[in-house]
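For reference, the structure discussed in these notes is given below.
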Amino acid sequence: MKIAIVNDTLAAAELLRRTIVGARRHEVAWIARTGEDAIKRCTQDRPDAILLDLVMPGMDGVETTRRIMSATPCAIIVVSGNISDNTPQIFEAMGAGALDAISAPVLNSAGTYLGSRTLLQKLDMISKLVSRDGLNGSDRPSASAGLLVAIGASAGGPAALVSVLGALPENYHAAVVVIQHVDPQFSNGLAQWLDHHSQLPVRLAEQGDRPQAGTVLIAAREEHLIFTSPHRLGYTPIPVETSYRPSVDVFFKSADCHWRGEIVGVLLTGMGRDGAAGLRALRESGHHTIAQNRLSSAVYGMPKAAIDLKAAVEILALDKIGPRLANIFAPKR
């Protein structure tokens with residue numbers, strides 16, 4: 001996989017270069033020191049993935065992400081030396097289409113690159129997705145047990161979730177569970193950020209939680225969120241072979257198997273195919289399913305895969321999905 005590095009600090013860029021070259025699994029396509037230069041280089045030699053600094057002179061990482069994803073989309077990982085101080089900007093970048101974020105590797109006194117293993121694992125995961133998909137882009141439930149909205153998202157998801165959740169009323173009659181591909185160290189910050197933009201309370205899902213009407217639960221761990229019973233959530237490392245943890249497919253299929261009420265499955269912007277098969281399972285069981293359309297998707301990978309499988313009952317622009325969910329589960333008069 002060809003990887004570009006965008007970082008205005010020479011030492012940081014060199015550390016990233018050595019990490020990639022030393023692993024002998026990927027190659028460095030080019031190195032840029034500014035966002036403007038990175039945009040130009042992408043048009044000349046589009047890489048498979050970009051390691052992008054968040055804070056740079058001139059154009060910052062958020063705007064750089066937005067412009068690259070608009071003109072020459074590719075997988076972008078935000079690499080930040082100070083995660084805690086830059087959380088809002090990280091979610092802005094992910095909303096603009098960045099796939100993930102990670103702490104920058106550092107060189108310790110023993111000459112070891114701390115954090116390089118995590119970075120390489122993420123690159124290996126992205127490599128599988130790029131090679132496979134490219135970037136374009138038990139009992140039948142009964143209607144009496146409750147209403148559930150199951151949402152899956154990846155790259156571009158945080159901003160898309162703000163749009164969807166922000167359109168739901170505070171007296172919403174359905175429980176909402178979200179599977180967003182995000183590093184576990186950012187999951188709590190994501191929940192807090194979404195809670196600020198939603199009329200519904202948003203928090204991380206915990207082992208044994210019961211989805212409740214008018215509450216949004218978000219997968220919190222680097223394990224799969226599933227239903228362990230018709231009313232209880234839990235986490236599991238199985239299946240271990242999935243590219244993403246937590247997996248949208250795993251949750252959708254678990255909901256289809258266990259939830260005893262009505263489900264609406266929603267697949268938003270994201271890279272790869274996670275969620276497509278699960279959305280089809282929901283549709284085949286008679287549940288309503290929605291996929292985000294091409295024009296409004298920051299990354300048209302996951303929704304496209306679902307649409308290709310004929311998994312979506314409806315294909316909607318992002319600004320139509322929240323109101324549609326509010327209408328589907330509006331209280332009966």
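Leu99 passes every criterion in (1) of a type in the set (A, V, I, L, M, F, W, C); (2) touching a His at 6+ places or on another chain (Cβ under 8 Å); (3) at pLDDT 85 or above apart from (3).
Taking Ile5, is it part of a strand (DSSP E or B), of a type outside the set (D, E, K, R) and under 23 Å from the mean Cα position of the chain (by Cα)? Yes: the conditions hold for Ile5. Residues that are surrounded by fewer than 24 Cβ atoms within 10 Å (Cβ to Cβ) and within 22 Å of Ala159 (Cβ to Cβ) within region 272-288 comprise just one, Arg273. When Gly272 is evaluated against the numbered criteria (1) within 22 Å of Leu325 (Cα to Cα); (2) assigned to a loop (DSSP other than H, G, I, E, B), which criterion, by number, is the only one it fails? It fails just one condition, (1). Condition check for Phe186 on (1) of a type outside the set (Asp, Glu); (2) crowded, with 19+ Cβ neighbours inside 10 Å; (3) at pLDDT 90 or above: one failure, at (3).
Quick check on Tyr235: is it out of contact with any helix residue (DSSP H, G or I) (no Cβ under 7 Å at 6 or more places or on another chain) and under 25 Å from Arg294 (Cα atoms)? Answer is no for this residue.
Counting residues in region 221-230 that are touching a Gly at 6+ places or on another chain (Cβ under 7 Å), modelled with pLDDT under 95, more than 19 Å from Gly270 (Cβ to Cβ) and among the polar types (S, T, N, Q) gives one or more. Against the test of being under 19 Å from Leu282 (Cα atoms), modelled with pLDDT of 90 or more and in the same structural domain as Leu316 (by TED's automatic domain parsing), the options Asp195, Asp209, Asp249 yield a single qualifying residue, Asp249.
One residue alone among Ser296, Ser285 is assigned by TED's automatic domain parsing to the domain that holds Leu225 and modelled with pLDDT of 95 or more, and that residue is Ser296. Among the residues making up region 58-104, a single one is buried (at least 19 other Cβ atoms within 10 Å of the Cβ) and either assigned by TED's automatic domain parsing to the domain that holds Val182 or on the phi > 0 side of the Ramachandran plot (or both): Gly97.
Checking the structure you have, find out if any residue of region 222-233 is hydrophobic (A, V, I, L, M, F, W, C), over 15 Å from Val164 (Cβ atoms), surrounded by fewer than 17 Cβ atoms within 10 Å (Cβ to Cβ) and not assigned by TED's automatic domain parsing to the domain that holds Gln89. No, because not a single residue in region 222-233 is hydrophobic (A, V, I, L, M, F, W, C), over 15 Å from Val164 (Cβ atoms), surrounded by fewer than 17 Cβ atoms within 10 Å (Cβ to Cβ) and not assigned by TED's automatic domain parsing to the domain that holds Gln89. The helices (runs of 4 or more DSSP H) falling completely within region 22-100 that include 3 or more residues that are among the hydroxyl-bearing types (Ser, Thr, Tyr) map to 61-71.
The values are calculated or read from the model by the stated rules, or taken from the named source; none is laboratory data. Just so you know, these numbers come straight off a predicted model, no measurement behind them. When we count neighbours, we look across all protein chains shown, and the Cβ atoms used for this are built from the backbone with ideal geometry, even at glycine.
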